[in-house]
Structures are given as structure tokens and as C-alpha cells.
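All of the numbers you see were taken from the coordinates with simple rules; none came from a lab. Source: prediction; values computed, not measured. All Cβ positions, even for glycine, are placed from backbone atoms using ideal geometry, and neighbour counts span all protein chains on display.
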Amino acid sequence: PHDPTLTQFSVQSIDITSACKGDECAYAFRYLVNYGSTPTSSSSRECKEFRCKDSHLVGRFRLFLAKGDFDMADSLLTSSDAKSLTLTKYAFVHASEVALWRFREILSKGGISNENISAAKECLHRLKVGAASGSTIGVRSLLDASADVSTWPIKAPMEQSTVGTMLGVTMEQFRIALSVMLTTIEGAMKSASSDKIHLLEEEKKKIGLRTSAMKCLETILQSEKGDNIYLLPPFSEATSPAHLFQILIAQGAFVLAERLRQSEWGKSLTPELAASSIMELQPTIDP
């Protein structure tokens, strides 16, 4: 919140601490303001406290999300206090936030699978509806979920197999997750407000290129159906077929790079891109 006294004096620093303990105080805090000296006064300190009417509901909502108590967060949204929760002056909440946090938990526990497919679909449906409603928070939640999918194989915990190989997210898992997210964004775009369409368009383009990169990688590896090919850096970071080509060259995987060049995705490669990729080869790579 805006404190007018902070603009009237020379503020050197502000220290913030909790005003009390417990869920009811999640959105209340004290702050110690250190004022600098001026030609007419010496430096001073002042302790203030912020407590907003009904803001503890927002604090409880955020706390439920942080603790993973998603059912409690949903219950709060449908309670008799829901109106004050969504209309408080200093903070705003949206049902899409619960869907976002639920979806993040699904990704952190291995991603979309047969066991949690229903929960994942419900999350994505709520994210789509939230973004289509025109709410800024709803659109932001869908974009955040899309970013989480895009970086999932990079952030996913790595496990060691019985033969010592590092395992993580498979190529197929990642491609399916990207495709599902792409469909969700396209669905939201059908009803989204005109001032939010450009944000969804940009994200759709990013996810589309990322999906193409994974399809391309699967194709050039010529894997048999059913093989579990795990994504490892730097291949998990490929943002487009062109970027994948650069990664392959940098890794000295010239046979795979040539397969990419001759594939349907090779049309996006320019002579300048090929030349720059070769020029950036490290001395340890034999061209």
C-alpha cells in the first residue's frame, strides 16, 4: 500500500517483519523506516504497522497455495467470504491460481500420466476458462503454466537408473505436454479479450516452435515406437528446430544435424545459420 510519509522524507531503507503469528496474520506486517538526515534534521527511525481489512483472507489463500492445501484454497473461494477475498483493495486472487499451483505439483511429481490425467485436464480446463474470462490474473496464470511446461525437463529431478544412466523426462512425455498446452492456449484465444490476445499469440508461437523441436528430435533419432528416450541438456533446452540444429552442431552430432537439414524442418534453416553454427564450434570438436 502507498504510505504518503515515505515520499515526504529521504528514506534510506525499510525493514519488514511479521506483525503476529498464525494464518490470520499472513497479510499483516510491521515495517521499520530509516530516514536519512536533511539540512534541517538528523537521521531517524520509525516503526509502522500495516493491517488491511479482510486482507487476512488473501493471506490465508496464499498460504494454502504455498502449503499445497489446494482444496482449502478452493473452499475459501466458494465460502461466504469469497466476495471480500476477490475485491479487497490491496490484493487480488483468482481461481486460476489454484489450478496453476495444482498443475505445478503434477509436473513436479513426474508430469502428466495415466494416474493423474484427469486432474491435469481439470487444471488446464480451469486455466483456459480463467484466461478466456479476460482476467489479467487468469491470463497470467495460463502463461505461467505454459512457461512451467516449457522448462519442465530442465527443472525436473534427475534419477539414476539401475545401469547408471541418468533419467528424467522422456521426449514423448515432453512433446505430449507441449501439445496439450498448445491446445489449451488455442482454446483460450477463442474467447479471450482483444487486449490479451497478443500475449496468448506470443506464447502459442513459442510453444509451437518448442513442440516442433521435439517432434524433429524424435524423427531424426529414428527411435522405435515405445522407446523411452530421456531428454538431457542441452537438447532439453531446444526452443525451435533451428536452435536444435545449432545444438547438434555444437555437440559434434553432424549426422543428426544433416538429417535435420534434409527433413521437413530443414526449410527453416538458413545458410547464415549453418555457417554461424560451424564458426562457433569449440576447438575440442572435430569438424
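Would you mind classifying region 95-210 by shape? Square roots of the alpha carbon gyration tensor eigenvalues, ordered a ≥ b ≥ c; an a/c under 1.5 is rounded, otherwise it is prolate if a/b is larger than b/c and oblate if not.
Judged from the Cα gyration tensor, region 95-210 comes out prolate (a/c at least 1.5, a/b above b/c).
Using the structure shown, select from LYS109/LYS215; LYS128/LYS204; LYS121/LYS204; LYS128/LYS206; LYS128/LYS155 the pairs with a Cα to Cα distance greater than 22 angstrom.
Violating the 22 Å limit, Cα to Cα: LYS109/LYS215; LYS128/LYS155.
Counting pairs of alpha carbon atoms under 8 Å apart in space and at least six apart in sequence, what relative contact order in percent does region 187-287 give?
Worked out over region 187-287, it gives 25 percent.
Just to verify a number: FRET efficiency for LYS67 and GLU218, C-beta to C-beta distance, R0 = 41 Å, to 0.05?
0.60
Once you have the Cα-Cα distance between HIS243 and ASN114, take 0.36 nm times their residue separation minus that, and quote the gain in nm to one decimal.
Extending this stretch completely gives an extra 43.3 nm.
Taking loop as defined by DSSP and a crowding limit of 14 other beta carbons within 10 Å, which trypsin sites (Lys or Arg not before Pro) in region 106-154 fit?
LYS109
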